[in-house]
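Here the structure is laid out as structure tokens; the discussion comes afterwards.
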Amino acid sequence: MRTDPDGQPATAAPPSPTRGLAELLRTANRAVDDALAVIARRRDFGANLATETKSSKTDLVTQFDRLAEAAVRSRLELERPADAIVGEEGSDAAGSSGLRWVVDPIDGTTNFVYGHHHYAVSVAVEDEHGSLVGAVADATTSERFWATRGGGAFLDDTELRLPSPPPLSTALVATGFGYDADDRRRHARRVAAIIGRIRDIRRVGAASLDFCAVACGRVDAYFEADLAHWDFAAGSLIAREAGATVSAMDGAPIRPGSVLAAHPDLHRSLLDLLAEVEDELD
Ligand code: LIP
């Protein structure tokens, strides 16, 4: 049962969904900070980090994923008791405010387990039209990407605007692969079909950071299949607010099974290329 700050059942009138985006952003950043504090304790475990698996033998989860998500949920229950929550590790909660928080406590869990660079905390809040606020913190670089709908995208205090893109043939494109082996093989065929027509591929291992890489021009585009909503709820807003066109790989609205983000001038040519190779995948 959800309670308000003094432990009473959350009976207060739900905060208006129109409450300032700045206030929602402050809560998102505090929730990210709470998760980062949990993740920072990973160094106490060194190589002795226990892991379990979820959807497949390659889909890892650790106590840190669960503890980080619990920390985020505690913050949201304290500051936004009437809002709904959906989290990768199952801390779902219904709400009455019309707002829903979408939490990936460690995006890039495989990198986290291996001690590889680039894993992030991703927190977004959305209404019926999509993400309102998003915050993504890279736990290995201390960079914080954030955006509010209509308010722009930022890396720390610097506003992000997409640079003009190169031609498709020299575009640096990020991607990733899912946890199902057949899905990975299919997407690998898609990547193999285009890699000779672009500059190169980058595979960082965290979708939220891939979207942020588009937003700050570290890659020219990002596409992937087989994600979950929490992988892109924050990052897709950040990329869009930085000026990227964000869609599915077929140009339809973004969806868990298909994401594409790029400067508008590059997005069209990538759509055409992906459509051209799609028939080769079957
Ligand atoms: C990860 C995504 C990444 C994808 C990985 C994995 P997780 O999410 O962010 O883009 O390629 O396979 O799905 O599971 O680390 O939160």
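Taking region 42-119 as the region of interest, the strands (runs of 3 or more DSSP E) fully inside it that hold 1 or more residues being of a type in the set (K, R) and either open to solvent by 40 Å² or more (accessible area, probe 1.4 Å) or closer than 25 Å to A181 by Cα (or both) are 100-107. Against the test of being of a type outside the set (S, T, N, Q) and within 14 Å of the ligand (Cβ to nearest atom), the options V61, V133 yield a single qualifying residue, V61. Scanning region 187-223 for residues that are crowded, with 24+ Cβ neighbours inside 10 Å, acidic (D, E) and more than 18 Å from D272 (Cβ to Cβ) turns up just one, D210.
Is it the case that R185 is under 22 Å from M249 (Cβ atoms), of a type outside the set (D, E) and within 16 Å of the ligand (Cβ to nearest atom)? Answer is yes for this residue.
Run down A174, A153 and say which single residue is within 18 Å of H118 (Cβ to Cβ) and touching a strand residue (DSSP E or B) at 6+ places or on another chain (Cβ under 9 Å).
Result: A174 is the single residue among A174, A153 that is within 18 Å of H118 (Cβ to Cβ) and touching a strand residue (DSSP E or B) at 6+ places or on another chain (Cβ under 9 Å).
Applying a threshold of 7 Å to beta carbon distances and a minimum spacing of six or more residues, or different chains, the list of pairs starting in region 198-220 at a residue that is under 15 Å from I106 (Cα atoms) and away from the ligand (no atom under 13 Å from the Cβ) and ending at one that is assigned to a strand (DSSP E or B) and of a type outside the set (S, T, N, Q) is empty. Scanning region 224-248 for residues that are under 15 Å from V133 (Cα atoms), open to solvent by 40 Å² or more (accessible area, probe 1.4 Å) and within 13 Å of the ligand (Cβ to nearest atom) yields a total of 2.
Each residue in region 251-281 was checked for being more than 29 Å from D92 (Cβ to Cβ) and assigned to a loop (DSSP other than H, G, I, E, B), and 2 of them qualify. State whether one or more residues within region 224-247 are of a type in the set (S, T, N, Q) and more than 21 Å from the chain's Cα centre (by Cα). Taking every residue of region 224-247 in turn, none turns out to be of a type in the set (S, T, N, Q) and more than 21 Å from the chain's Cα centre (by Cα).
The values are calculated or read from the model by the stated rules, or taken from the named source; none is laboratory data. Remember, it's a predicted structure, so these values are computed and weren't measured experimentally. Reconstructed Cβ throughout: ideal geometry from the backbone, glycine too, with neighbour counts over all protein chains shown. To get the accessible areas, we keep the full protein, side chains included, count just its heavy atoms, and leave off ligands, DNA and RNA. Shrake-Rupley method; radii C 1.70, N 1.55, O 1.52, S 1.80 Å.
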